[in-house]
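To start, the structure under review is shown below, and the notes come after it.
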């Protein structure tokens, strides 16, 4: 909307409008996926609205200045119009004088011809005749002068009238154009405000309790392979048989966040023969690996520790067992990423190598365990890469190297310390080979494609799989209809919310939710078919259910709001299967 306003007004006001692009904060703890896409949308809207309102104020000021100038021109036109009117009033007298002068000139000319014949015939008093002729000539000359002046006066008046008409027409066109632009400006302002109000309203209808339940169910987390048991859960796999049909289940690609280095992806790349340098450049982009003199110690929330010989050797972020499975280069890549991340976190910089900050030892930063220091395989990876860090070729600064377990096949771009990482499909063949040749799949990640039905604490609400009946899935579709249409969402809770999560919530029954969905084109009681469409930026763009199309990210939110038990989607990149 900002660009559209600027492009339309720049021809009128000839001003430069600065384009605002979102800038990600340099936050070292930015390793959590945003819980609420809706809140994200509001924040982005506010960020866009601030410069928009500033630009509109500037445009409005220019509009007022232009209208002021038009007022001056209008005043000048009125003065010219008055001159023309006065000229036209004087023209009546001039025309009378002209008629008299023309008659006089005609008579004098005829008389002059007659006098010539008289002179030729008589010639008795030549002097008197010459005097009379001179007098008549002077009269004729005066008549000619007056006639010429009047003709020129009339011509000038006509020219002025034409000029005036031209100016009035041009002014009318300009005023009409300005009026259109003014109306457009008012419309854009109103549109921006309406959009903002709609976002506010959309967030307002989601209660704090709903967001609390989303947090409890989805449990987005900032963890790595080394912090969570990696044993696969048969109930989470798409080949699980729920014992009924038709059955529907939502499967997430990846968890928990999708920025920087994928650990399972690095493992898969190592198994395919890539060395640690190629692995790191694949995930972090235009970087180089430099060797530095590491600081002697680093401050942690467990006290000061030797940086290379204690802290880094205690990083518990990747299984050492991977080294024996062809993944030793992945361990080296992990050591360099962990070293770079820690230095960036505590404030170490290429131009100022005094690291005075403190890093936490939990998953909110990097997990450190004293027991890990005795792991000889991991210690070897740290020693083999001693002092090696990632440096951005664009900024010349240490790279704030994010990493996490599994992205689901797409790595999101992020910006930090002047460096931007690429956004790309982490597969052998790009998006084309996404599900079949993803490096995370080669690495054997149990989170690459998973149906989540437990909270992080293990709550299942009595369910042993994520599969839903046709009626249950139709109920979720009805929630998506209401949510996507901006309807009342106050009753969109899981029907079993009290038994599963406690509280005094009053969820709508399936029948009541269908009645709400009926207000927006008709709810469903059962589902026959479902499919999804993916976008190039690594998210699910559309969900199609029995011919009804939904924005993928709105469906994602509605699904997590209504789905029973602890079932949930962990990622914005997801699929829905039917069996």
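Every number in this text was worked out from the coordinates using simple rules, so none of it is lab data. What you see is a predicted model, and the numbers here were worked out from it, not measured in a lab. FYI the Cβ positions are ideal-geometry reconstructions off the backbone, even for glycines, and counts take in every protein chain you see.
Some notes on this structure:
- Our note on the geometry: Cα centres of the stretch 451-476 and the stretch 542-579, 12 Å apart.
- Ranking of 277, 165 by neighbouring Cβ atoms within 10 Å, starting from the fewest: 165, 277.
- Listed by Cβ neighbour count within 10 Å, with the fewest neighbours leading, 540, 148 appear as 148, 540.
- Relative contact order (percent, whole number), the stretch 423-579, Cα cutoff 8 Å, 6+ residue spacing: 26 percent
- Summarising the label geometry, the points placed 7 Å from Cα in the beta-carbon direction at residue 376 and residue 321 lie 1.9 nm from one another.
- Over the C-alpha trace of the stretch 261-427, radius of gyration and Dmax come out as 14.7, 41 angstrom.
- When you work out D = kT/(6 pi eta Rh) for the stretch 421-579 at 20 °C and 1.002 mPa s, using the Kirkwood radius from C-alpha pairs as Rh and the Stokes-Einstein form, the result is 127 µm²/s.
- Sorted fewest first by neighbouring Cβ atoms within 10 angstrom, 498, 562 come out as 498, 562.
- Computed over the stretch 277-356, Kirkwood Rh from alpha-carbon pairs, angstrom: 13.8 Å
- Distances between every pair of Cα atoms in the stretch 316-404, grouped in 10 Å steps from 0 to the bin holding the largest one, split as 17, 47, 31, 6 percent.
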